[in-house]
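Notes to accompany the following structure.
The values are calculated or read from the model by the stated rules, or taken from the named source; none is laboratory data. Everything numeric here is computed off the predicted structure, so don't read it as measured data. Cβ: placed from backbone, ideal geometry, glycine included. Neighbour counts: every protein chain shown. Only protein heavy atoms, including side chains, enter the accessible area calculation; ligands, DNA and RNA are left aside. Shrake-Rupley method; radii C 1.70, N 1.55, O 1.52, S 1.80 Å.
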Amino acid sequence: MDQAQISRPTIKKSLWRFPVIDYTAHPIYRQPGAKTGFNDTIAALKQYWPDYFAGMYRYKENRKRIMKHAFLHKRSQAPSDLAEFEESGVLIRRIDQRFIEDLKNRLNEIIGFDMDTVDIDGQEVRRYIHFANEDPEIERLQFEMLNKHDFIEIAKHYTNAKTIDMAGWKIRIQQPNTEFKKNLFADVGQSVPETNYLHVDSSFPGSMLKMVLYLGEVNGSNGPFCYVPGSHRLNEPIWRVIARRVNHKSGIQSWDPETRERFMRLPAFFRHKAEFGNDILPNSELAQTLLKHEIQVTSDVGNFILFDNSGMHRGGLVEQGRRVCLQWTMNALG
Ligand SMILES: [Fe+2]
């Protein structure tokens with residue numbers, strides 16, 4: 001992966017709408033000729049409505065906040081990288097190695113072990129270490145790297161936020177694991193497609209941005225972060241934006257046979273997932289389009305990533321070695 005690949009045209013040139021998966025025609029989800037009874041659908045809807053209404057409310061509140069401050073930052077000078085971020089939904093930047101080492105040393109002191117060598121237990125796919133960034137040294141390092149790349153100003157302009165809240169930090173340590181997102185369809189003897197784990201997050205568009213900082217070398221085989229530039233701007237009707245997120249939060253998007261069946265009892269217009277990549281048919285035109293546009297962020301391109309998490313992304317699918325990174329969130333407030 002080189003710089004030229006990072007700056008390839010966004011997916012908006014190939015796709016206009018956010019893709020929809022036809023689950024009725026999906027061989028894993030629906031046997032030929034099978035149908036859901038009317039009563040089953042009614043029962044599923046009865047269970048579904050409360051979650052969906054809660055989702056609608058959250059969506060409305062978020063939109064209200066965005067609209068209220070539509071002109072908040074219009075008169076101030078826009079950060080120079082804002083246009084790039086608005087276009088692609090992702091910025092890939094570099095923090096120098098000396099700085100990363102200082103940060104790692106302080107983090108290791110706080111967590112009480114060395115994140116590069118700690119045994120994370122073969123059974124564990126990933127280990128999260130959550131902590132509030134209250135340490136003054138961490139705070140200082142955090143603002144130094146955010147300010148270096150104008151990330152806070154970009155986030156404020158992008159989300160129309162009055163203030164940005166830095167949500168708790170997560171150190172994520174991952175090692176190869178045969179389970180993580182790989183055996184979703186083992187019950188029917190199918191492997192996951194090449195687009196597996198491609199997803200959007202369950203937060204609503206414009207409510208937050210996410211950041212990833214690689215604390216070690218990341219190459220093609222230890223789970224690079226991947227993003228489909230421009231996918232955050234694909235059009236999608238509001239009810240579908242909500243359904244994807246509600247289905248994620250309520251757990252009905254899971255891949256075990258029982259949940260798949262429950263999912264299929266929903267009317268087709270509610271059958272949308274935030275984590276849709278596992279259900280894209282291999283070698284389909286959609287799969288090829290997404291894979292063609294997806295960029296893979298390896299350490300040689302950059303180690304500090306800001307992204308709109310309502311765009312398509314994935315990461316941490318470690319085949320070999322260990323991936324250690326820091327992840328955190330900027331929540332839009334006000
Ligand atoms: Fe995500």
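Need the C-alpha centroid separation for region 54-126 versus region 192-231, integer Å.
12
For the chain, what log10 I(q)/I(0) values come out of the Debye formula at q = 0.09, 0.14 1/Å, with one point per alpha carbon and no solvent?
Once normalised to I(0) and log-transformed, intensities are -0.51, -1.24.
Return the calculated 222 nm mean residue ellipticity for the chain, to the nearest 500 deg cm²/dmol, obtained by summing -39500 (n - 2.57) across DSSP H runs with n ≥ 4 and dividing by the residue count.
Computed mean residue ellipticity for the chain: -10500 deg cm²/dmol.
Let me spell out the model: positive unit charges on the Cβ of Lys and Arg, negative unit charges on the Cβ of Asp and Glu, origin at the Cα centre of the chain. What dipole size does that give, in debye rounded to 20? Present the calculation step by step, with values, prior to reporting the outcome.
Numbers: 45 positive and 42 negative charges, 346 e Å.
Here the chain has a charge dipole of around 1660 debye.
When ligands, DNA and RNA are left out and all protein chains stay put, how many square angstrom of accessible area per residue does region 223-273 have with a 1.4 Å probe? Let's see the in-between values first.
Details: 1720 Å² over 51 residues.
About 34 Å² of surface per residue is accessible.
What net charge do the residues around residue 150 carry, taking every other residue with its C-beta under 15 Å from that of residue 150, with Lys and Arg at +1 and Asp and Glu at -1?
My count for the surroundings of residue 150 gives -1.
For residue 292, list the lysines whose Cα falls under 26 Å from its own Cα; do not include residues on the same chain fewer than 8 positions away.
12, 13, 181, 182, 210, 273
Could you tell me what percent of the accessible area of the chain is made up of carbon and sulfur, with a 1.4 Å probe and every protein chain present?
Ligands and nucleic acids excluded, carbon and sulfur reach 51 percent.
May I ask you to give the solvent-accessible area per residue for region 38-82, in square angstrom, as obtained with a 1.4 angstrom probe?
77
Which value, in debye to the nearest 20, gives the size of the charge dipole of region 228-334 about its Cα centre, when Lys and Arg are +1 and Asp and Glu are -1 at the Cβ? All intermediate terms of the calculation are to be shown ahead of the outcome.
On the way: 14 positive and 11 negative charges, 68 e Å.
Computed charge dipole of region 228-334: roughly 320 debye.
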